[in-house]
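Single-structure report; data block below.
The values are calculated or read from the model by the stated rules, or taken from the named source; none is laboratory data. In this text, all values refer to a predicted model and were calculated from it rather than measured experimentally. All Cβ positions, even for glycine, are placed from backbone atoms using ideal geometry, and neighbour counts span all protein chains on display. Accessible surface is based on the protein model in full, side chains and every heavy atom, while ligands, DNA and RNA are left aside. Shrake-Rupley method; radii C 1.70, N 1.55, O 1.52, S 1.80 Å.
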Amino acid sequence: MIIFDTSNTKADLQGILALQSQNLTNSLTPEDLTTQGFVTVHHTLEQLQKLNEEERHIVAKDNGKIVGYVLAMTQKSKADIPVLVPMFEVFDEIAWKGKMISSYNYMVVGQVCVDKGYRGQGIFDRCYEAYSERYRNQYDFAITEIATANTRSLQAHHRIGFRVVKTYTSPDKVEWAIVVWEW
């Protein structure tokens, strides 16, 4: 039975890192990159712990094994993962619903991943349901960026309710979609 919870132990964080490492772009075949999706940022245990101290990550566990997760980040975390600083800078340039994104109290989806053997079972959706339940009363919305080449992730986020508010190309020539999910 799959249980949805917050990351509460070092073992949970290590489970997130294990699943993350299996789904990083350099760990996947070109076919998997196209059909299965991918994650782009490698976190350290220390980074995940620091983020988790601010707001807890959502995890899906099957008999104690992490089989899915949604990482939680806040604006306070913007300098904690150096590779993500440019993402926050782009957020600061976006006007949405008549205000700059930076003027809202938003939650950042730091990353989402479901174990390949568990895909198609609703875990992605249920992780996001748990994320929304936990954070919708504290934050105005959730925001993240997704590489436009990651079509599986874009489609899944669209299904949940995320909407593209901006696309841009980073200096390394990767096109990104900034997506917002109103609770």
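Taking 7 Å steps out from each Cα toward its Cβ at ASP125 and GLU89 produces label points 3.9 nm apart. Taken as entire DSSP H runs, the helices of the chain never both span 24 Å or more between Cα atoms along their own long axis and average -1.0 or more on the Kyte-Doolittle scale.
Fraction of C-alpha pairs exceeding 15 angstrom in the range 135-183: 44 percent, rounded to a whole number. Please compute, over every Cα-Cα pair in the range 19-74, the percentage with a separation greater than 19 angstrom. Here the tail beyond 19 Å accounts for 37 percent of pairs.
Close Lys pairs in the chain, defined as Cα atoms under 26 Å apart and 8 or more places apart or on different chains, number 21.
Working note: Cα gyration tensor of the chain, eigenvalues times five, square-rooted, sorted largest first, giving semi-axes of 23, 19, 16 Å. Using a probe radius of 1.4 angstrom, the carbon and sulfur fraction of the accessible surface of the chain is 48%.
Calculated accessible area for the chain comes out at 49 Å² per residue, all protein chains present (probe 1.4 Å; ligands, DNA, RNA ignored). For ALA149, what is the net charge nearby, where nearby means another residue's Cβ is under 14 Å from its Cβ and Lys, Arg count +1, Asp, Glu -1? Neighbour charge sum, excluding ALA149 itself: -3. Positive end of the dipole of the chain (Cβ unit charges, origin at the Cα centre): among GLN121, GLY98, PRO171, the Cα lying farthest that way belongs to GLN121. Expressed in units of 2.2 N^0.38 Å, where N is the residue count, the Cα radius of gyration of the range 36-122 is 1.23. Rounded to the nearest 0.05, what FRET efficiency do GLN14 and ARG159 have when you use their Cβ-Cβ distance and R0 = 30 Å? So, using R0 = 30 Å, E works out to roughly 0.50.
The loop-placed trypsin sites (Lys or Arg not before Pro) in the range 77-177, going by DSSP, that have at most 15 neighbouring Cβ atoms within 10 Å of their Cβ come out as LYS97, ARG136, LYS173.
Just add up the charged neighbours of GLN49: K/R +1, D/E -1, any other residue whose Cβ is under 13 Å from the Cβ of GLN49. Once all neighbours under 13 Å are counted, the net charge is -3.
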